[in-house]
Amino acid sequence: MDFISWGYLGLFLVTFLAATILPFSSEVVVIAFLMAGFNALSVCLIASVGNSIGSIANYEIGRLGNPSWFKKFGVKEAKLNAWQLKVKQYGHWMGLVAWIPFIGDVISLALGYFRAKRYQSYLWMSVGKFLRYGVLVLSFSFFK
């Protein structure tokens, strides 16, 4: 699918979906938008908002979580206990690293499932996403 032809809506959709449990990297798409000549600040902001809303959706899915769901996906109780300890130790601050590919989805789900502070989690997930895309866009602009 050619998301670039969809313009900024395509960018928003890709970055939103990349933050959910769908395994693909939005960074490649962001670079493609920049290479296509889209405004760097707009790309950074729209990607940050789309990806942040995707992580917020993960948080809320985690909050709705049912322990039987984890068993269906083969998640062991020891793994759940380890994540619970991490969330207890770091709380909503873990949201700052929810941008890390693959593990970031798990972090946002765990924050919701183990009831980390909702709005602080939203804030720190969003800050981390904005910083990630900001560095990506600045790096692209610098090396262009």
### Query
Taking neighbour Cβ counts within 10 Å as the exposure measure, how do Tyr90, Tyr122 sort from fewest upward?
Tyr90, Tyr122
### Task
Tabulate in residue order the Karplus-calculated ³J(HN,Hα) for segment 99-115, using 6.51 cos²θ - 1.76 cosθ + 1.60 with θ = phi - 60°, rounded to whole Hz; enter x for Gly and Pro.
7, 5, x, 6, 6, x, 4, 5, 4, 5, 5, 5, 4, x, 4, 9, 6
### Message
My understanding is that a pair violates if its Cα-Cα distance is over 31 Å; which of Lys79/Lys129; Lys88/Lys144; Lys86/Lys129 do that in this structure?
### Response
Lys88/Lys144
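Once Rh for segment 81-130 is found with the Kirkwood sum over Cα pairs, what is the Stokes-Einstein diffusion coefficient at 10 °C and 1.306 mPa s, in µm²/s?
In µm²/s, the coefficient is 155.
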## Note on the structure
Fewest-first ordering of Ser139, Ser48, Ser42 by Cβ atoms within 10 Å yields Ser139, Ser42, Ser48
### Query
Taking a quarter of the surface of the Cα convex hull of the chain, what do you get in nm²?
8.8 nm²
#### Entry: Proxy reagent accessibility, fewest Cβ within 10 Å first, across Val49, Val14, Val75, Val135
Val135, Val75, Val49, Val14
### segment 1-129: relative contact order as a whole-number percent, Cα under 8 Å and 6+ apart
28 percent
### Query
Helix 118-143 versus the longest principal axis of the chain: what is the Cα-based angle in degrees, 0 to 90, to the nearest 10?
30 degrees
### Summary
Computed, not fitted: 222 nm per-residue ellipticity of the chain from DSSP H runs ≥ 4 (each -39500 (n - 2.57)), nearest 500, equal to -23500 deg cm²/dmol
### Task
Give me the angle, in degrees from 0 to 90, between the Cα long axis of helix 40-63 and the longest principal axis of the Cα atoms of the chain, rounded to the nearest 10.
20 degrees
### Message
Looking at the chain as a GNM with Cα springs under 10 Å, which of Phe38, Phe130, Phe70 has the largest mean-square fluctuation?
### Response
Phe70
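Every read-out reported here was derived from the displayed coordinates using simple, explicitly stated rules and does not represent laboratory data. Since this is a predicted model, take the numbers as computed values, not measurements. FYI the Cβ positions are ideal-geometry reconstructions off the backbone, even for glycines, and counts take in every protein chain you see.
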